[in-house]
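S.K.: Below is the structure I would like to discuss, written out as structure tokens.
The values are calculated or read from the model by the stated rules, or taken from the named source; none is laboratory data. Model, not experiment: these values are computed from the prediction. Here the Cβ positions follow ideal geometry from the backbone for every residue, glycine too, while neighbour counts run over all protein chains shown.
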Amino acid sequence: MSNRNILRHSNLLWPNATVPYLLKDNASLIEVQILDAMSAISNQTCDVCNSAFGRTQDKWTLMQLDIKRCLHAIQHELLHSLGFGHEQSRSDRDIYLKINWAGLTNPSEYNRYPVDYKSVKLCNSSKRQGKNGIDIIEPTYRMPGSKIGGRVDLSYWDILKVRKVYNCSICVTIDERKPCVFPFVADGKEYNVCTDINSTKSWCATSIDESTKKVLSRGYCEPGCFENGKSNDVKQSCGSSKVGDLKKAKYGDHPWHAYVQEKNKDDLLCQGVLLTPIHVLTSAVCVVNRCFLKVSVGCVNIGDSNHNCQSRDVIRITPHFGYDNTTLANNLAITTASKSFKLNDGVIPVSIPFKVKMNRSPQSATLTGVKDNVLLSEVFNIVTKSPECTSQETICTSGTRLPQGINVGSPLIGYDNGFCTLIGIRMKQIGNHTTYTKISHYLNWIKPNILYEFNRADFILSA
């Protein structure tokens, strides 16, 4: 999650995730609604039409509410007092939204229009119209889930952001909303993420024996427990192996690795990587002009028949609009599965960079691919001084021992601030180098095309 529309200074956030409040006499008419709104936020985050932004110096935040105009916006204003700004204030706003500046009667007016399309911090459509009836904000991409506004309660992402900023447990159980306790030990293995071992649903420990870490009590996990790029062992997945290592993967080592196959066969066409529970990114050269495909995740070996291997039919292929099958320029495509994959310790989406330049560019990276139907990983140094590796669109490593053909589309993963982050998709071999399509260059295309999945996430959490 990004902090781009969250207060950065800790002294402006409420200490110990506790917000004292005083309701003045003139708030008595809407006291019940205010308390209900507070309860809705605290019940889903920490046990915690105008508002000051964050905690003010006098340690009080004044929230003014017009009963006729702002009653629906109490949660909206409470989030401001907790330190959260509008979605349209994000630095990447223009990827998702078109701002019709001509419709503004006052240039500063845009600040009240939020890019979480379903955030509680959005006005409904009738409130988004400027002069001459022009909509101030329109989604950049018209797709299912891109409707803006009309919410009066917290979205899935609103909830997770509050939990993250105030150090609440990101992961809680569905039934009793108890925080998950990590790490825990089950069947002799240590877990740092939810698992579905010996169960049909992913679960976590809610209490453990402090000396052995064995599970004393447990509960089923919210899907929000799974953070993109956080495997059961991040260092094993992308952060610790020596350059040159070629290793056989174990279950859960690379839970984002995906296989693109023919629908009614196990014949492998190429590789891919899981971006969301429903989207797989691969090379366009592999999937364009093909029909009857499926994608599989959670499998260590091709054709695994155990319950860990999940397959879904591909119902839509979205190649990059600039893809050229002759030069292989813009060689990316996103496949959409027929239904979401079930997340567990063996199936977790990868992280993608938040911005064109990562916090710290990795010096080495891990490539996953297949040889003799077995999933392998290989670690490389990033090559920067070769002529074919200096363009904005590509990134290079030294040559790989994983064969070309079926490994087109394989993900190159770097370690970035605690997350396994996608930095490249395998494209072709040039001399002694392997070239990859550079992911950070294509964020403005990738993000809007997976936006639907993030905006349909509301079913995950309920009040």
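S.K.: Looking at the stretch 195-202, can you tell me whether even one residue there is surrounded by 14 or more Cβ atoms within 10 Å (Cβ to Cβ) and not in a loop (DSSP other than H, G, I, E, B)?
M.R.: There is at least one residue in the stretch 195-202 that is surrounded by 14 or more Cβ atoms within 10 Å (Cβ to Cβ) and not in a loop (DSSP other than H, G, I, E, B).
S.K.: Determine, yes or no, whether Val285 is in contact with a strand residue (DSSP E or B) (Cβ under 9 Å, 6 or more places away or on another chain), crowded, with 18+ Cβ neighbours inside 10 Å, outside any strand (DSSP E or B) and of a type in the set (A, V, I, L, M).
M.R.: Working: in contact with a strand residue (DSSP E or B) (Cβ under 9 Å, 6 or more places away or on another chain): yes; crowded, with 18+ Cβ neighbours inside 10 Å: yes; outside any strand (DSSP E or B): yes; of a type in the set (A, V, I, L, M): yes.
So Val285 passes the test.
S.K.: Which pairs do you get when a residue that is farther than 12 Å from Tyr436 by Cα, found in the stretch 383-405, comes within reach of a residue that is of a type in the set (Phe, Trp, Tyr) and surrounded by 13 or more Cβ atoms within 10 Å (Cβ to Cβ), reach meaning Cβ atoms under 6 angstrom, with the pair 6+ apart or on two chains?
M.R.: Taking only residues 6 or more apart or on different chains, not a single pair turns up.
A quick yes/no check of all residues on (1) crowded, with 18+ Cβ neighbours inside 10 Å; (2) part of a strand (DSSP E or B); (3) under 17 Å from the mean Cα position of the chain (by Cα):
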{"position": "Gln236", "(1), (2), (3)": "yes, no, no"}
{"position": "Ser241", "(1), (2), (3)": "no, no, no"}
{"position": "Tyr259", "(1), (2), (3)": "yes, yes, no"}
{"position": "Pro277", "(1), (2), (3)": "yes, no, yes"}
{"position": "Lys294", "(1), (2), (3)": "yes, yes, no"}
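S.K.: Just the residues that are surrounded by fewer than 16 Cβ atoms within 10 Å (Cβ to Cβ) and modelled with pLDDT of 80 or more, please, taken from the stretch 442-463.
M.R.: Asn444
S.K.: Before we move on, is Thr173 at pLDDT below 95, farther than 17 Å from Ile348 by Cα and out of contact with any Cys (no Cβ under 6 Å at 6 or more places or on another chain)?
M.R.: Answer is yes for this residue.
S.K.: Only residues that are over 12 Å from Gln271 (Cα atoms) and in contact with a Gly (Cβ under 6 Å, 6 or more places away or on another chain): list them for the stretch 403-415, please.
M.R.: Across the stretch 403-415, the qualifying residue is only Tyr415.
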